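A.B. asks: Handing you this structure, nothing more for now.
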Amino acid sequence: SQQGEEDPQALSIQEGENATMNCSYKTSINNLQWYRQNSGRGLVHLILIRSNEREKHSGRLRVTLDTSKKSSSLLITASRAADTASYFCATDAGISGSARQLTFGSGTQLTVLP
Amino acid sequence: GAGVSQTPSNKVTEKGKYVELRCDPISGHTALYWYRQSLGQGPEFLIYFQGTGAADDSGLPNDRFFAVRPEGSVSTLKIQRTERGDSAVYLCASSPTPEYEQYFGPGTRLTVT
């Protein structure tokens, strides 16, 4: 079952603009991760934010986490055509030391137009 | 170093046949995961190995699905009596320990005709 839901399902922007994607989830988590996927194949890990963190940056990426609202957002600044991909949030709800199955949302398809 | 590799990249099989999908994790990674992704959806967890043992197989849909990791490295996902509904991309991931991020392979696209 899918825990997270990304919003919007699809997003189309011009190169240079910022892209914001949102993720909502249902249960308590240890951390939340964002992944990128090109052409329906392998996923690339972008960033991990722990439940006790509120904001994290990595290059052009900025992730926020609001555990009280059970939501997260991914901001990509100064987007490029190469950022075109599907973006997924995934939650890790396992207890420390236990199995770490990730529960993925259904993804946001981002298209960056040149 | 080399990432997670999966073979074959594509597999077409007839309904009712048996298939095996292979995953080679990153060397030294003790945790290995299998996920299944249907078109337009995010990956869904199938099974997790810590070392040689299946620590969590709660995501396997039914007893036609089975996975092994006999030496704590390579893993094989086995599907018996395949059905058309099994068609999906099967993704493997590994991580150094369960608490770390997961590194995904390119997936095996399974098509059951």
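The values are calculated or read from the model by the stated rules, or taken from the named source; none is laboratory data. Note that the structure is a prediction, hence the values are computed from the model and not measured. Cβ atoms come from the backbone with ideal geometry, glycine included; neighbour counts cover every protein chain shown. For accessibility, only protein heavy atoms count, side chains too; no ligands or nucleic acids. Shrake-Rupley method; radii C 1.70, N 1.55, O 1.52, S 1.80 Å.
A.B. asks: Taking the stated definitions as given, is residue B:105 at negative phi, open to solvent by less than 20 Å² (accessible area, probe 1.4 Å) and modelled with pLDDT under 95?
C.D. replies: no
A.B. asks: Now for a different question. Residue check, residue B:39 against (1) farther than 27 Å from residue A:105 by Cα; (2) within 14 Å of chain A (Cβ to nearest Cβ), all met but one. Which one?
C.D. replies: (1)
A.B. asks: Which ones in segment B:16-30 are within 17 Å of residue B:2 (Cβ to Cβ) and outside any loop (DSSP other than H, G, I, E, B)?
C.D. replies: Residues satisfying the conditions are B:22, B:23, B:24.
A.B. asks: Hey, another quick one. Taking segment A:1-14, which residues are assigned to a strand (DSSP E or B), open to solvent by 40 Å² or more (accessible area, probe 1.4 Å) and within 14 Å of another protein chain (Cβ to nearest Cβ)?
C.D. replies: Matches in segment A:1-14: A:5, A:7, A:10.
A.B. asks: Take the residues of segment B:58-102 that are surrounded by 16 or more Cβ atoms within 10 Å (Cβ to Cβ) and of a type in the set (D, E, K, R): which is nearest to residue B:12 (Cα to Cα)?
C.D. replies: Checked segment B:58-102; the qualifying residue nearest to residue B:12 (Cα to Cα) is B:86.
A.B. asks: Residue B:36 fails exactly one of the following numbered conditions: (1) in a loop (DSSP other than H, G, I, E, B); (2) under 19 Å from residue A:43 (Cβ atoms); (3) among the basic types (Lys, Arg). What is the number of that condition?
C.D. replies: Evaluating residue B:36 over (1) in a loop (DSSP other than H, G, I, E, B); (2) under 19 Å from residue A:43 (Cβ atoms); (3) among the basic types (Lys, Arg) leaves (1) as the failure.
A.B. asks: Scanning segment B:50-72 for residues that are hydrophobic (A, V, I, L, M, F, W, C) and either more than 14 Å from every other protein chain (Cβ to nearest Cβ) or in a loop (DSSP other than H, G, I, E, B) (or both), which turns out farthest from residue B:90 (Cα to Cα)?
C.D. replies: B:68
A.B. asks: Hey, among the residues in segment A:35-57 that are farther than 18 Å from residue A:86 by Cβ, modelled with pLDDT under 95 and open to solvent by 80 Å² or more (accessible area, probe 1.4 Å), which one's farthest from the other protein chains (Cβ to nearest Cβ)?
C.D. replies: A:52
A.B. asks: What is the residue count in segment B:31-46 for residues that are closer than 21 Å to residue B:84 by Cα, surrounded by 15 or more Cβ atoms within 10 Å (Cβ to Cβ) and touching a residue at least 24 places away in the same chain (Cβ under 8 Å)?
C.D. replies: Summing the residues that are closer than 21 Å to residue B:84 by Cα, surrounded by 15 or more Cβ atoms within 10 Å (Cβ to Cβ) and touching a residue at least 24 places away in the same chain (Cβ under 8 Å) in segment B:31-46 gives 6.
A.B. asks: Another one. Please go through segment B:74-113 and give me each residue that is touching a Leu at 6+ places or on another chain (Cβ under 7 Å), among the hydroxyl-bearing types (Ser, Thr, Tyr) and part of a loop (DSSP other than H, G, I, E, B), ordered by number.
C.D. replies: Residue satisfying the conditions is B:87 alone.
A quick yes/no check of all residues on (1) over 22 Å from residue B:91 (Cβ atoms); (2) more than 13 Å from the chain's Cα centre (by Cα); (3) of a type outside the set (A, V, I, L, M):
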| site | (1), (2), (3) |
| --- | --- |
| A:5 | no, no, yes |
| A:16 | yes, yes, yes |
| A:35 | no, no, yes |
| A:65 | yes, no, no |
| A:75 | yes, no, no |
| A:89 | no, no, yes |
